[in-house]
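Notes for the one structure printed next.
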Amino acid sequence: MQERERRWNGWGFADESAPVFEGARTWLSKRLGVGHPLPAVPERDVRIPPARPLPDLPATTLTDPGSRLRGACGCGFPDVVRLRTGALEALPDAVCLPESTGQVLAVLQSASAAELGLVLRGGGTSVVGGVTVRPLAKPTVV
């Protein structure tokens, strides 16, 4: 099964859109006023520092800019604002995709032995900032 690409600066997948229906737009405008959309910085304009060197990890490990950008934080409102504005504090140096519980354990052991920063992430829907990468002096893996 091929994984679908998550929208890098908002909710959902890159190949989907979910327009707000006119009735909902009218209802919201009457109650909240008319707002202005937060402009989205194009992905190509986000400053992505080079990944720091990492030891070999026992799972598929992605270090391309897009994977690192998508792994930088969750999907809570503050995260989406950070992504849309390109104002990320830090990016992971790699994103690991373990395919079994054995690989998860092996990645955790390898990361611990190498003293890497580690952010455990499932679906990435954290609304409390638990999957947001923080600036660290050492390389970080999601």
Residues of segment 95-142 classified as farther than 28 Å from Pro78 by Cα, open to solvent by 50 Å² or more (accessible area, probe 1.4 Å) and either touching a His at 6+ places or on another chain (Cβ under 8 Å) or of a type in the set (Gly, Ala, Ser) (or both), total: 3
Within segment 67-79, restricting to residues that are free of Cβ contacts under 8 Å to residues at least 60 places away in the same chain and of a type outside the set (S, T, N, Q), the one that is most open to solvent (accessible area, probe 1.4 Å) is Phe77
Which condition breaks for Gln103 when tested against (1) at pLDDT below 90; (2) closer than 21 Å to Glu3 by Cβ? (1)
Does Cys96 satisfy being modelled with pLDDT under 90 and under 24 Å from Val128 (Cα atoms)? no
Kindly evaluate Arg82 against the criterion of being among the basic types (Lys, Arg), modelled with pLDDT under 90 and assigned to a helix (DSSP H, G or I). yes
Looking only at residues that are surrounded by 12 or more Cβ atoms within 10 Å (Cβ to Cβ) and in a loop (DSSP other than H, G, I, E, B) in segment 39-54, which one is farthest from the chain's Cα centre (by Cα)? Leu54
Candidate set from segment 1-37 (those that are polar (S, T, N, Q) and open to solvent by less than 100 Å² (accessible area, probe 1.4 Å)); member that is nearest to Asp79 (Cα to Cα): Asn9
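The values are calculated or read from the model by the stated rules, or taken from the named source; none is laboratory data. Quick caveat, the model's predicted, so the values are computed rather than measured. Positions of Cβ are backbone-derived with ideal geometry, glycine not excepted, and every protein chain shown enters the neighbour counts. These accessible areas exclude ligands, DNA and RNA; they are computed on the full protein's heavy atoms, side chains included. Shrake-Rupley method; radii C 1.70, N 1.55, O 1.52, S 1.80 Å.
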